[in-house]
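Report on one structure; see the data block that follows.
The values are calculated or read from the model by the stated rules, or taken from the named source; none is laboratory data. Everything quoted here is computed from the prediction, not taken from an experiment. Here the Cβ positions follow ideal geometry from the backbone for every residue, glycine too, while neighbour counts run over all protein chains shown.
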Amino acid sequence: MQRELNGLGLYLLLIIPLTGFLIFVCFKIFERGESAPALMAALVCLCSLLQYYRTDKLFVYKHIDFPHLQMFAEYAAFTFPFSISCLITKSWYWYPVLLAFLICIPLFTFNKQQRVILKNLSAIISPSNVEWLSGTRKHFIPITVLYTLALAFCWFNVLPLFFLWFLTVLATSFFIECESLPIIREGGRSPANLLLHKAKVASIYILVLYSPILVVNTICNMEFLVVNLLFIPAQLSILYFAICLKYSGYKPNAYQSGNNIPLAIVSMGSALPYLLPIPIILSFFYFYKAENNLKKYLND
Amino acid sequence: MISIQNLTVAYGDHNVLNNISIGFQKGIIHGIVGLNGAGKTTFFNVLAKSLRPANGLLKLDDHLLAINDTAYLETVNYFYSNITGCEYLKIFKQTNPDFNLDVLQDYFKLPLNDLVENYSTGMKKKLALLSVLKQDKPVFILDEPFNGLDLEANKVLEIIITTLKQKARTVFISSHILEPLLTTCDQIHLLENGVFVKTFEKGDYGKIDDALFGKLKSQAKQAISNAL
């Protein structure tokens with residue numbers, strides 16, 4: 001649970017108030033009554049989806065005592081905050097119905113094979129930029145939604161910048177996973193060269209993605225010229241920091257979920273103009289740390 | 001000649017490799033055997049420059065062994081998430097001019113357009129092996145390459161290893177199972193408590209079992225018969 005929460009990083013700041021809001025909305029729906037069955041059906045569907053997509057099913061069925069009961073308990077706990085309030089409303093009888101459905105879900109043992117989203121993505125993003133290829137595929141839906149929103153509102157003053165900033169925050173999560181030694185050694189780069197190459201790749205992707213939106217935004221809102229000009233360096237500084245932070249603690253094949261917290265803090269800081277020097281200073285500081293750490297793996 | 005002089009690797013106070021000095025003939029297949037914890041993987045990690053020794057020199061002919069001299073197939077193969085087998089292979093520049101993926105694919109039959117997460121252990125091993133074979137290096141280090149492979153792939157791997165030798169590459173292999181080493185290796189080196197205690201030539205392979213398991217067999221026979 002703690003690992004999952006750490007993995008959420010910046011999202012946690014959004015998820016907590018959102019969950020509170022949803023619990024309140026659910027209570028209101030139960031109070032009114034007529035939409036209560038639809039809400040319960042939605043909760044059952046959500047748990048069915050979780051059952052379908054969860055990757056630990058085989059392990060749970062094989063190694064955990066009473067696996068069905070265990071899974072039912074998980075789904076009951078997951079739906080509890082949203083459904084329990086119905087007991088104090090006139091829709092109370094839907095709660096046992098929900099539990100009856102939830103108890104059936106673990107009986108479906110279907111196993112899902114992960115599908116390849118965007119099969120030809122490597123034609124656009126080179127496989128040697130493995131973080132970008134993997135990250136784009138992993139977060140394809142949020143990336144598409146955020147970028148589409150930024151495009152749709154590119155004429156509007158600050159709104160597209162907010163979406164693009166969120167996109168940058170998402171891109172920092174690409175640098176949580178450490179590649180294997182053969183991958184990092186491919187190309188025979190020195191530690192400093194490798195870091196500069198990663199920074200160059202990030203700069204190209206950000207420029208290509210963000211420039212059209214910022215140009216339109218500037219044309220529509222000339223008073224935002226300076227803000228838009230500063231926006232790209234600000235976003236790049238977050239990404240440079242993410243790259244340097246990753247390689248400062250690089251260990252082959254490691255997953256650095258602990259980096260989510262400093263990344264979230266720096267990302268938040270970059271949204272406030274007077275805190276902008278922080279990611280830049282930290283990037284320089286971590287560049288030297290990363291260079292020293294990489295010497296262990298890249299130098300003869 | 002690959003020569004190793006006074007190689008010591010320690011984890012804390014424990015010396016995993018203990019002042020090893022040995023020479024390995026170039027262009028042949030070397031098997032490394034040893035009981036669990038003998039230091040086989042540590043030795044390979046040092047050869048592949050994945051691990052820095054506390055002391056010692058590793059030389060290939062007259063120069064120090066460099067990262068670029070070795071291609072390393074690790075025991076456990078890690079792949080970045082959300083990439084396909086084909087994309088993984090594309091990460092590595094093809095330096096071996098003879099590498100023909102289509103021909104090897106006829107034997108390996110990997111679903112290269114699927115995500116690597118969906119691969120079985122054997123498939124992952126084959127994919128990692130392909131990425132290693134794509135590179136033209138003088139030294140190939142294969143740690144437990146036969147692990148997880150089916151019978152057919154085992155035989156293909158034996159043929160690959162023999163072909164590498166024909167191309168004058170030096171190959172180091174370790175295996176939990178002696179059988180594939182006996183058929184492929186030109187020399188087998190016994191590693192015991194971080195020291196190479198004996199090198200067996202082809203004619204002496206019959207003695208390996210006793211050298212490796214002699215002590216274990218004599219102790220275990222009595223203990224197990226008492227326990228059962």
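For this structure, a couple of remarks:
- Residue that is surrounded by the most Cβ atoms within 10 Å (Cβ to Cβ) [pool: residues in segment B:89-120 that are at the interface with chain A (Cβ under 7 Å from one of its Cβ atoms) and in a helix (DSSP H, G or I)]: B:I91
- Some residue of segment B:132-144 being assigned to a helix (DSSP H, G or I), within 14 Å of chain A (Cβ to nearest Cβ) and either under 28 Å from A:G188 (Cα atoms) or out of contact with any helix residue (DSSP H, G or I) (no Cβ under 9 Å at 6 or more places or on another chain) (or both): yes
- A:I124 within 14 Å of chain B (Cβ to nearest Cβ), within 30 Å of A:F162 (Cα to Cα) and modelled with pLDDT under 85: no
- Restricting attention to segment B:193-210 and to residues that are within 20 Å of B:T42 (Cβ to Cβ) and surrounded by fewer than 17 Cβ atoms within 10 Å (Cβ to Cβ), the residue that is modelled with the lowest pLDDT turns out to be B:N193.
- Residue selected from segment B:10-41 under the condition within 11 Å of the chain's Cα centre (by Cα) and under 15 Å from B:V195 (Cα atoms), by the criterion surrounded by the fewest Cβ atoms within 10 Å (Cβ to Cβ): B:T41
- Filter pass, A:L229 being in contact with a Ser or Thr (Cβ under 9 Å, 6 or more places away or on another chain) and within 14 Å of chain B (Cβ to nearest Cβ): no
- Of the helices (runs of 4 or more DSSP H) that lie entirely inside segment A:188-300, those containing 3 or more residues that are without any contact (Cβ under 8 Å) to a residue 12 or more places away in the chain span A:191-220, A:225-248, A:277-298.
- The helices (runs of 4 or more DSSP H) located wholly in segment A:44-150 that include 3 or more residues which are more than 28 Å from the chain's Cα centre (by Cα) occupy A:57-63, A:67-83, A:94-104.
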